[in-house]
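Data first, discussion second: the structure below is written as structure tokens.
The values are calculated or read from the model by the stated rules, or taken from the named source; none is laboratory data. Just so it is clear, the model here is predicted, and its values are computed rather than measured. Neighbour counts run over all protein chains shown; Cβ positions are idealised from the backbone, glycine included. Ligands, DNA and RNA are excluded from the accessible area calculation, which covers all protein heavy atoms including side chains. Shrake-Rupley method; radii C 1.70, N 1.55, O 1.52, S 1.80 Å.
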Amino acid sequence: CFASVSQKDSGSREWLIDVLRQADNDPWRNKVRRAWKEPATLEALATDIDVRQHPPSFLLLLANKLPIASPSRLDLEQRVQFAYPGDFWANHGLAFDLGRAGKDVAAIRYYTAALSLRPDNPGVLLNRAGSLRRAGEPEAAIADLQRAIAVAPRYVAAYDNLGQVLHDQKKVDEAIDAY
């Protein structure tokens with residue numbers, strides 16, 4: 001609720017901060033909450049923290065508030081994943097942002113870790129397929145997309161992406177079938 005309340009609604013913001021402070025009296029997390037709409041302050045707070053002292057879910061919320069192209073965002077996500085390697089969202093979030101940064105080979109590693117935790121997640125299969133495609137591994141991308149379709153037969157994005165990969169390989173009839 002706090003993340004989505006308007007800056008203009010100071011009464012609600014102050015009430016929510018007070019509720020959160022009472023529920024969680026950690027000084028650093030309360031600083032983060034107070035700076036929620038201040039990217040520069042959040043970046044400074046993100047670089048100056050031992051991630052092992054905080055829940056990964058909170059740290060990942062903070063990472064998502066940092067600018068997408070910010071080096072501190074990827075740095076925080078990497079530190080969270082290293083501290084919590086068994087956290088599905090730590091692996092998936094890092095992989096997704098690595099892919100957005102054009103680091104698909106590295107992204108594949110973390111998508112694979114996320115899939116080891118949730119092997120039938122069609123969204124992760126779709127995202128890893130995108131990184132595999134951009135990394136020059138179309139056959140592996142096709143396998144992931146076919147698996148995503150097997151797990152979620154109505155997942156339109158998987159059919160669309162499968163059509164794109166097949167089209168890239170000049171397999172026009174198969175691409176048409178996928179579309």
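The table below lists the values:
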quantity	calculated
Unmet requirement for Ile17, which otherwise passes all of (1) more than 30 Å from Gly99 (Cβ to Cβ); (2) surrounded by 12 or more Cβ atoms within 10 Å (Cβ to Cβ); (3) modelled with pLDDT of 85 or more	(3)
Residue within segment 91-110 that is in contact with a Pro (Cβ under 8 Å, 6 or more places away or on another chain), open to solvent by less than 20 Å² (accessible area, probe 1.4 Å) and closer than 18 Å to Ile68 by Cα present	yes
Test: residue in segment 79-86 that is within 29 Å of Ser12 (Cα to Cα), crowded, with 22+ Cβ neighbours inside 10 Å and either in contact with a Phe, Trp or Tyr (Cβ under 7 Å, 6 or more places away or on another chain) or not aliphatic (A, V, I, L, M) (or both)	no
Close pairs from segment 114-130: first open to solvent by less than 20 Å² (accessible area, probe 1.4 Å), partner β-branched (Val, Ile, Thr), Cβ under 7 Å, at least 6 apart	Ala114/Val124; Leu115/Val124
Any pair with Cβ under 9 angstrom, 6 or more apart, that starts in segment 4-32 at a residue that is under 17 Å from Leu45 (Cα atoms) and among the aromatic types (Phe, Trp, Tyr) and ends at one that is open to solvent by less than 60 Å² (accessible area, probe 1.4 Å) and not in a helix (DSSP H, G or I)	Trp28/Ile49; Trp28/His54
Lone qualifier among Ala148, Ala143 - being surrounded by fewer than 17 Cβ atoms within 10 Å (Cβ to Cβ), closer than 25 Å to Ala101 by Cβ and either over 21 Å from the mean Cα position of the chain (by Cα) or not charged (D, E, K, R) (or both)	Ala143
Helices (runs of 4 or more DSSP H) wholly inside segment 91-179 containing at least 3 residues that are under 17 Å from Gln78 (Cα atoms)	104-117
Residue in segment 33-53 that is modelled with pLDDT under 90, open to solvent by less than 60 Å² (accessible area, probe 1.4 Å), more than 23 Å from Leu117 (Cα to Cα) and charged (D, E, K, R) present	yes
Close pairs from segment 147-163: first under 14 Å from Glu174 (Cβ atoms), partner in a helix (DSSP H, G or I) and open to solvent by 60 Å² or more (accessible area, probe 1.4 Å), Cβ under 6 Å, at least 6 apart	none
